[in-house]
Amino acid sequence: QVQLMESGGGLVQPGGSLRLSCAASGSIFSIYTMSWYRQASGKQRELVATITSGGITNVADSVKGRFTISRDNAKNSVYLQMNNLKPEDTAIYYCKAVRATMIYWGQGTQVTVSS
């Protein structure tokens, strides 16, 4: 079992930055592939970024060059650095852990980009 807790969301002006954190507990964090997803109101949940247990990263085209995913296995945490935020980045951001058939989700953290 893995428990995930996101933090760091909030209200930010366009062009601003936020750093989301996802703290994991309950299992060996380092073996999981970690991802950030987001879901805007009225839209489907979409993949934002992924980092494998070996540190290989991938980010969606819509956020490439603005968002960076990273992990700190010593702190059982994964991060999403979001720069140059746009109103269309407004969504609930979720953390996800995957290993084989095991999938775990956090509760989400709201990010609102507005002037």
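No lab work stands behind these numbers, since they all come straight from the coordinates. No experiment lies behind these values; they were computed from the predicted model shown. Counting neighbours? That spans all protein chains shown, and the Cβs are built from the backbone with ideal geometry, glycine included.
One table, with the values for the structure above:
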| quantity | calculated |
| --- | --- |
| Per-selection Kirkwood Rh - the chain (Cα, Å, 1 d.p.) | 14.0 |
| Additional length obtainable on full extension of the chain from Gln44 to Thr101, 0.36 nm per residue less Cα span | 18.3 nm |
| Sites Asp61 and Gln3, calculated FRET efficiency, Cβ-Cβ separation with R0 35 Å, nearest 0.05 | 0.65 |
| For the chain: relative contact order, % (alpha-carbon pairs under 8 angstrom, 6 or more apart) | 36 |
| Whole-Å distance, taken between Cα centres, linking segment 1-22 and segment 43-115 | 9 |
| Dipole magnitude of segment 29-115 about its Cα centre (Cβ charges: Lys, Arg +1; Asp, Glu -1), debye to nearest 20 | 100 |
